[in-house]
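*Asks:* Quick one: this structure, given as structure tokens, is what I'll be asking you about.
The values are calculated or read from the model by the stated rules, or taken from the named source; none is laboratory data. All values reported here derive from a predicted model rather than from experimental measurement. With ideal geometry, Cβ positions are generated from the backbone for all residues, glycine too; neighbour counts draw on all protein chains shown. Heavy atoms of the whole protein, side chains included, go into the accessibility calculation; ligands, DNA and RNA do not. Shrake-Rupley method; radii C 1.70, N 1.55, O 1.52, S 1.80 Å.
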Amino acid sequence: MKQSLPTLILALVCIASSGLAGDKATKLDFSSGALPDGFAVAKGEWKVVDGALYGAELESDHHGAVATITESHKDSVISFRFQVNGAKSFGLSYNHPAGHLFRVKIGAGQASLSLDKDKKDPESKAVNFDSKEFTAAAGEWVEMSCLIEGENVVVTCGDVTLKGSHPKLAMEKTGYRFVVAGSSVLIDDIKIGE
């Protein structure tokens, strides 16, 4: 029997909240004061401050701050908490081996989930899956999770849920990318499962 998308999304949210997304689980710990193994910094300033990951854009980069947890995956769940402290926007994005795939963006009073344009295909266009009103108050810790299973993605950010579905979402992903525009964001309690 074929499941409806709302039923599948409900099941995915239940799996993510129960912690049963798979046997393999990784928890990143910042208590040592150093970035854990598997972090690749591409742009911006990234360091550990008071036991949390601090990210801020550097004006000289002319690009948002980007740090990647280099863990390849197809189906996975990541959860963490973040605190916006002056950033214009904060995002969690995913790439596939040949470029950008999709992203979650928090900023300008909303949370959005979108499929990225394929820069190598002139006919390609970005696809906005979902967006909702959302504001993270300065200094407030907000819980976020992103569950990918096959062609479906479900994101929770505070009390907001975003959903999307597309065949490209089933592709191999090269890691989890945190993106900060402006200054700054704190990130902590990162857990990754498959």
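*Asks:* Scanning for something touching a His at 6+ places or on another chain (Cβ under 8 Å), open to solvent by 50 Å² or more (accessible area, probe 1.4 Å) and either under 24 Å from residue 63 (Cα atoms) or among the aliphatic types (A, V, I, L, M) (or both), does the range 167-189 turn up at least one residue?
*Replies:* Yes, the range 167-189 contains a residue that is touching a His at 6+ places or on another chain (Cβ under 8 Å), open to solvent by 50 Å² or more (accessible area, probe 1.4 Å) and either under 24 Å from residue 63 (Cα atoms) or among the aliphatic types (A, V, I, L, M) (or both).
*Asks:* Additional query: Six or more apart or on different chains, Cβ under 6 Å: which pairs go from a residue in the range 79-98 that's surrounded by fewer than 19 Cβ atoms within 10 Å (Cβ to Cβ) to one that's polar (S, T, N, Q) and assigned to a strand (DSSP E or B)? Could you list them?
*Replies:* Partner pairs satisfying both residue conditions: 85/184; 86/183; 86/184.
*Asks:* Another question, then. What strands (runs of 3 or more DSSP E), lying completely within the range 106-194, carry at least 2 residues that are in contact (Cβ under 8 Å) with a residue 12 or more places away in the chain and under 15 Å from residue 90 (Cβ atoms)?
*Replies:* 110-115, 141-149, 152-157, 160-165, 176-193
*Asks:* Among the candidates 125, 88, which residue alone is farther than 24 Å from residue 41 by Cα and charged (D, E, K, R)?
*Replies:* Criteria check complete, one pass: 125.
*Asks:* Follow-up. Return the only residue of 42, 34, 21, 25 being within 19 Å of the chain's Cα centre (by Cα), aliphatic (A, V, I, L, M) and either at pLDDT 90 or above or loosely packed, with under 12 Cβ neighbours inside 10 Å (or both).
*Replies:* The unique qualifying residue is 42.
*Asks:* Starting from the range 49-75, take each residue that is part of a loop (DSSP other than H, G, I, E, B) and list its partners that are aromatic (Phe, Trp, Tyr) and open to solvent by 30 Å² or more (accessible area, probe 1.4 Å), counting only C-beta distances under 8 angstrom and pairs at least six apart or across chains.
*Replies:* Final answer for the pair search is 70/39.
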